[in-house]
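Worksheet: the structure to be examined is printed underneath.
The values are calculated or read from the model by the stated rules, or taken from the named source; none is laboratory data. If you're wondering where the values come from, they're calculated on a predicted model, not measured in any experiment. Here the Cβ is made from the backbone with ideal geometry for all residues, glycine too, and neighbour counts use every protein chain on show. Calculation scope for accessible area: heavy atoms of the full protein, side chains included, ligands and nucleic acids excluded. Shrake-Rupley method; radii C 1.70, N 1.55, O 1.52, S 1.80 Å.
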Amino acid sequence: MRDVQFLTSYLIHPAGSCLASYGDTKVICTVSLEDRVPPFLEGKGCGWLTAEYGMLPGSTGGGRKKREIGKRDGRSTEIQRLIGRSLRASVDMEKLGERTLTVDCDVIQADGGTRTASVSGGWVALYEALSALAEREGQGSADYYLKGQLAAVSVGIVDGEVICDLDYAHDSRAEVDMNIVKLEEAFVELQGTGEQGTFSSEQLASLIAAADEGLKFIFQRQRDALKIDSGFTFRQ
């Protein structure tokens, strides 16, 4: 594992914000809250969460990264859908009511694992936003709106060895590359590809075991940043 850090309350204006660092990968995650929902949810008494993802100029090597204005490229669209799906799994939309949470993940420096850093940092910013909402609504704490703690990590096989939390150097030559998102002990998403061939059931089990160890570390980093007691459990 690279060093993982979450700097909370990173910006003053959003409902929640976080600078998520997975090694040299750094993502600013912010959450906005609106008292409305998309038309397809109006009058249904439940909320919504959506996400946007982008890489800013200067975030990558090899020349300037152009700003995405208007239509996003296929990679950014796929990643922001992953972020949205993942974070929605952690929120009780009925308790949220007819409100919309928008999570923005802006990569300011990329060295592999930007989507996993976005998911984990997005959850930290989401916790901040829901903590403020819970205080206003007299609901105690953010756990009123949450189903559990959410985080993501990448794993892969590089030169025949299982690696957890791949940086760019690992990712660029990985034989197998996988992203895993978990809500507490339950899987939300498994994205796995044999980049340079195939992988066996035994290798898959090893990758998942490595991810579980990495996620324990990330969960604790999230709790440390948010000052959540290590013995605390979310309501089910």
Rounded percent of accessible protein surface that carbon and sulfur make up, the chain, 1.4 Å probe: 48
Inter-label distance for LEU7 and GLN109, nm, one decimal - labels placed 7 Å from Cα along Cα-to-Cβ: 0.9
Accessible surface ranking that places the most exposed of HIS13, HIS170 first, with a 1.4 angstrom probe: HIS13, HIS170
Filter on LYS44/LYS182; LYS26/LYS227; LYS95/LYS182 - keep pairs with C-alpha separation over 23 Å: LYS44/LYS182
Computed magnitude of the charge dipole of the chain (debye, nearest 20; Cβ of K, R +1, Cβ of D, E -1): 700
Residue of GLN80, GLN109, GLN139 that the Gaussian network model of the chain assigns the largest fluctuation, springs spanning Cα pairs under 10 Å: GLN139
Within the chain, longest stretch clear of exposed trypsin sites (Lys or Arg not before Pro) (DSSP loop, no more than 14 other Cβ within 10 Å): 72-172
Region 1-67, dipole about Cα centre (Lys/Arg Cβ +1, Asp/Glu Cβ -1), debye to the nearest 20: 380
Local net charge near SER32, Cβ-Cβ under 11 Å (Lys/Arg +1, Asp/Glu -1): -2
Per residue accessible area of region 1-153, 1.4 Å probe, in Å²: 44
Largest-first ordering by accessible area, 1.4 Å probe, given options ASP224, ASP35: ASP35, ASP224
Centroid-to-centroid separation of region 4-22 and region 88-105 [C-alpha atoms, Å]: 18
DSSP-assigned coil residues among GluC sites (Glu not before Pro) in region 151-236, each with at most 12 further Cβ atoms within 10 Å: GLU185
Dipole of region 53-188, positive end: most advanced residue of GLY63, VAL124, TYR168 [Cβ charges, Cα centre]: GLY63
Ellipticity estimate at 222 nm from DSSP helix runs (n ≥ 4, -39,500 (n - 2.57)) divided over the chain, nearest 500: -10000 deg cm²/dmol
Solvent-accessible surface (1.4 angstrom probe) belonging to TYR144, in square angstrom, nearest 10: 50
Solvent-accessible surface (1.4 angstrom probe) belonging to VAL158, in square angstrom, nearest 10: 10
